[in-house]
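Some notes on the structure that comes next.
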Amino acid sequence: MAAATLVVVACLSACSESAAPQDSFGDSEEIRTVTPTWISDLRIVGDSSDDESCSWSASYPAVPGADALTATLRSAVETRLPVFGRSENRGCSGETANLDVDIDFEFLAAAGDVIGVQLTTFDYSGAGDGISSASYWFDGRTRQSVPSTALIAEDATDRLVTAFAKALSGKAGVQGDGLKDALGSEFRAGKLNDLSFTTGGALVADLDRGTAAVPPAGRVRAVIPAAEATALLSDLGRRAQEQAVRPTNRLTIGDTPAPPPPPAPTSPVTPPPAAEVNCQEVKCVALTFDDGPGPFTAQLLDTLAQHDARATFFVVGQNATYNAALVRRVAEAGHEIGNHSWSHPDLTKQTEEQIREQLSRTEQAVKTATGHAPTLVRPPYGAMNDKVRANAGKPLVLWSVDTEDWKFHDSAKVAQTVISTVKPGDIVLIHDIHQTSVAAVPAILNALKERDYHFVTTSQLFGTTPLAAGTTYSSNPAAADRS
Ligand code: NI
């Protein structure tokens, strides 16, 4: 993997989002990314399988008032991952067999009247490095969703190509003479489809493998210094550059800008005391809900409260970040919160640094919302190897009952799977991002309550048994079996 690739990948999740605005253009090559928790009602639209044999996951943000951008992002995701959001033919056969695709997003800007979102696709099912990225922009003045090239002034194309050719010359694998022609002829065709800015205002083009260099050189990054870049930018481009250098952390698109959400409470949640349940003496089951929180999580919390049931929520960090109040509510109700990574990639395909970043970023999101860091990790897809075990730093929790709810979207089937197969000590895998799954929960709770089950958190299921970091737990066989 070329050095340029490493920089790109590291920045996908690690770039600063809270650096103090700079007074003048600097030389940093760190891409500006932001986590706009200041936007009210920002939704993360996500969908995934949870099966290692056809692992796929994608998410994109839906910003209120930026419907055109949302539509563009949705279309981009569906083009790369046709199974996304479908209700049928979702899992592990035909075109979805052997899928191994994750699509991640980062905000490049989300303030003033400019929104920028970068989508990065990791497709491990084919040849090459499998990484491709693109950035999409929204101009709040025109309410238009536009491609990266809209950041560039109409009459600046030739100068831009020259500047990029200069920035790329001498990089490994870049064939100098041909580059200018290649970029020139491909410019409007979208090869320069991932433009962004550094925190110092420099213009960055991230070029997919084979675009500007010989394929073995991998991805290539070209950077045009800030002062030179400014002269090439359109009006939108200059506003985007300004937000990269001095983010205002307030979005002002729309006729009546939404007020920012109220500041989150900062005191740590004090959960209600757990009922005295000894799972060696009574029948216990741990219901676990993955991939949220999402649009149906609040409804699920109501259902669980009505049945006095505790559960475990393995949250995805980006969802936790933008639904912090909901995460707090989960904790206040006495449920356990576990770490399910930041963006749901197959961790076995990530570097050690990326694994730690996926987990620590989520840990921070949960801690911000509740005051407590999660103590359990569930790797997406249950995909694990020694590298994941070594870098998790926490006990790893899988499951013993798989509802496969993500595949079928069928409430009756989800309920029936649990009711007919569960035994004391089981850990049940359900996903609260699917309406059909949440709708199945009342039937599960009613049927198992009649059979004297207690609904406990994962930690309660293991009682006083200490769980060890790096060790995998799929059920508690020591739990009482009185069935
Ligand atoms: Ni999952």
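Readers should treat all values here as calculations from the given coordinates under stated rules, not as data from a laboratory. None of the values given here were measured: they were computed from a predicted structure. Note that we place each Cβ from the backbone using ideal geometry, even for glycine, and neighbour counts take in every protein chain shown.
Given a cut-off of under 8 Å on Cα pairs at least six residues apart, what relative contact order in percent is computed for the stretch 284-480?
30
Against the main long axis of the alpha-carbon atoms of the chain, helix 297-306 sits at an angle near 10°.
Binning at 10 angstrom from zero up to the longest distance, how are the C-alpha pair distances of the stretch 43-257 distributed in percent? Going out from 0 Å in 10 Å bins, the stretch 43-257 shows 8, 32, 32, 21, 6, 0 percent. Rounded to the nearest 10 degrees, the inclination of helix 411-421 to the longest alpha-carbon principal axis of the chain is 50 degrees. Kirkwood radius and radius of gyration were both taken over the C-alpha atoms of the stretch 379-483, and their ratio Rg/Rh is 0.99. What would the Debye equation give as log₁₀ I(q)/I(0) for the stretch 95-143 at q = 0.20, 0.21 Å⁻¹, counting only Cα atoms as equal point scatterers? Per q value, in the given order, log10 I(q)/I(0) is -0.70, -0.73. Computed over the chain, the per-residue total of -39500 (n - 2.57) for DSSP H runs of n ≥ 4 gives a 222 nm mean residue ellipticity of -9000 deg cm²/dmol, rounded to 500.
Ordered by the number of other Cβ atoms lying within 10 Å of each residue's own Cβ, fewest first, 56, 38, 399 fall into the sequence 38, 399, 56. One quarter of the convex hull surface built on the alpha carbon atoms of the chain amounts to 22.6 nm², the projected area averaged over directions. Whole percent per 5 Å bin, from 0 to the bin with the longest distance: what is P(r) over all C-alpha pairs of the stretch 297-337? Over the stretch 297-337, the share of Cα pairs per 5 Å bin runs 6, 24, 39, 21, 8, 2 percent.
I want the local charge near residue 305. Using Cβ-Cβ distances under 11 Å, sum +1 for each Lys or Arg and -1 for each Asp or Glu among the other residues.
Net of charged neighbours comes to -1.
In plain terms, the chain is cut at each of the GluC sites (Glu not before Pro) found in a DSSP loop with at most 16 other Cβ atoms within 10 Å, and the longest leftover piece is 282-483. To the nearest 10 degrees, how steep is helix 435-450 against the longest Cα principal axis of the chain, on a 0 to 90 scale? Approximately 20 degrees, to the nearest 10. Applying the criteria of a DSSP loop state and at most 16 other Cβ atoms within 10 Å to the trypsin sites (Lys or Arg not before Pro) of the stretch 403-483 yields 451, 482.
In order along the stretch 32-40, the phi-based Karplus estimate (6.51 cos²θ - 1.76 cosθ + 1.60, θ = phi - 60°) of 3J(HN,Hα) comes to 6, 10, 9, 10, x, 6, 7, 8, 5 Hz; Gly and Pro are listed as x. Enclosing the Cα atoms of the stretch 280-357 in their convex hull gives a volume equal to 114 cubic angstrom per residue. Summarising the strand pairing of the chain, around 65 percent of its internal DSSP beta bridges are antiparallel. Here the label points at residue 282 and residue 93, each 7 Å from Cα along the C-beta direction, are separated by 4.2 nm in the simple model.
Taking 0.36 nm per residue of separation and subtracting the Cα-Cα distance, what length does fully extending residue 144 through residue 175 add?
7.5 nm
How big, on average over all directions, is the shadow cast by the Cα convex hull of the stretch 284-480, in nm²? Mean shadow area of the hull around the Cα atoms is 9.8 nm².
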